[in-house]
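One structure is given here, and the rest of the page talks about it.
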Amino acid sequence: MMTLSMLVLTIGIFYFMTWLYKRSNISFLFPILTSTICLIVLLVLLDIPYDTYMEGGRWINWLLGPAVVAMAYPLYTQWQTIMKNRKIILSCVAIAMATGMASILFLAWAVGLKTDVKLSYLPKSITSPVALQISDAIGGIPQFTVFFVIVAGILGAIFGPIIYRKFNIDSPVSRGVAMGSASHGIGVSKLTEYGEKTLSIGSVSMTLSAILGAIVCPIVAWLLF
């Protein structure tokens, strides 16, 4: 009964927040962010342990894998567009990976974080299943990495559209590469609002970031730490 209750609660809150977001069209009401906050508040107020919640939440967590695999469909339908822009996509993903790591390490050093926390920061722009493995392999703290990955995804989903409007970025390739390489799955889910072409570019950028990150992160960790 508890499993079913937690499952229904999570889905119900998410659908309500999605409805509210569509009605208001306010970026800061992004459903993943507001649903997470609501669930945390409810669990605290009702004194429900995290392990108890995950009796139902684990089923949603399990769907993360199939959801990522399902992103292959827009890749198939937009394959010609992807191949046509492959050089731009590859170069931009590589630049995004390099600047992302450099900037986060600079901030980490500037505030004097410990080495294991710095290493936990490195894979922040990579999709969570891969980021967790990388963090564990290079000596980071996977729990910290999860937090950083979620924050990067939510911030990208919220501020990405604002940046698009501010700088008149209307190219599907530019939007897709920027979001996919910086904000992984959470950011890419936001791209569903911009059409299948933008979503497909975001999906392939996220995948390339994961592959490149799995190679580059251990090398950077070995060289610097």
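Descriptive notes on the structure:
- Pairing each residue of segment 119-140 that is within 13 Å of Ala210 (Cα to Cα) with any residue that is aromatic (Phe, Trp, Tyr) and not in a loop (DSSP other than H, G, I, E, B), provided the two are 6+ apart or on different chains, yields C-beta distances under 6 Å for Lys124/Phe148.
- Evaluation of His184 against (1) part of a helix (DSSP H, G or I); (2) farther than 21 Å from Asn61 by Cα (one fails), failing number: (2)
- In segment 24-33, residue surrounded by the fewest Cβ atoms within 10 Å (Cβ to Cβ) [restricted to those that are part of a helix (DSSP H, G or I) and not polar (S, T, N, Q)]: Phe28
- Hits in segment 1-23 (condition: closer than 30 Å to Tyr194 by Cα and crowded, with 16+ Cβ neighbours inside 10 Å): Leu7, Leu9, Thr10, Ile13, Phe14, Met17, Thr18, Tyr21
- Residues within segment 146-156 that are surrounded by 20 or more Cβ atoms within 10 Å (Cβ to Cβ), of a type outside the set (Phe, Trp, Tyr) and over 19 Å from Leu208 (Cα atoms), tallied: 0
- Meets criteria (within 16 Å of Val93 (Cβ to Cβ) and assigned to a helix (DSSP H, G or I)) for Val146: no
- In segment 113-138, the residue that is surrounded by the fewest Cβ atoms within 10 Å (Cβ to Cβ) out of those that are more than 11 Å from the chain's Cα centre (by Cα) and among the polar types (S, T, N, Q) is Thr115.
- Checked against (1) at pLDDT below 90; (2) in contact with an Asp or Glu (Cβ under 8 Å, 6 or more places away or on another chain); (3) closer than 27 Å to Glu196 by Cα, Pro142 passes all but a single condition, namely (3).
Table: residues versus (1) crowded, with 16+ Cβ neighbours inside 10 Å; (2) in contact with a strand residue (DSSP E or B) (Cβ under 7 Å, 6 or more places away or on another chain); (3) under 17 Å from Ile95 (Cβ atoms); (4) of a type outside the set (Phe, Trp, Tyr).
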site: Pro172; (1), (2), (3), (4): yes, no, no, yes
site: Gly176; (1), (2), (3), (4): yes, no, yes, yes
site: Ala182; (1), (2), (3), (4): yes, no, yes, yes
site: Ile186; (1), (2), (3), (4): yes, no, no, yes
site: Gly195; (1), (2), (3), (4): no, no, no, yes
site: Ser205; (1), (2), (3), (4): yes, no, yes, yes
site: Gly213; (1), (2), (3), (4): yes, no, yes, yes
site: Trp222; (1), (2), (3), (4): no, no, no, no
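- Filtering segment 1-47 to residues that are farther than 20 Å from Gly153 by Cα, of a type in the set (Gly, Ala, Ser) and touching a residue at least 12 places away in the same chain (Cβ under 8 Å) leaves only Ser5.
- Top-ranked residue of segment 34-89 - restricted to ones that are farther than 23 Å from Lys22 by Cα and of a type in the set (S, T, N, Q), ranked as surrounded by the most Cβ atoms within 10 Å (Cβ to Cβ): Gln78
- Options Ser135, Ser120, Ser200: the member that is among the polar types (S, T, N, Q), in a helix (DSSP H, G or I), touching a Leu at 6+ places or on another chain (Cβ under 6 Å) and at pLDDT 85 or above: Ser200
The values are calculated or read from the model by the stated rules, or taken from the named source; none is laboratory data. Nothing here was measured: the structure is a model prediction, and the numbers come from that model. Please note: Cβ atoms are built from the backbone with ideal geometry, for glycine as well, and neighbour counts cover all protein chains shown.
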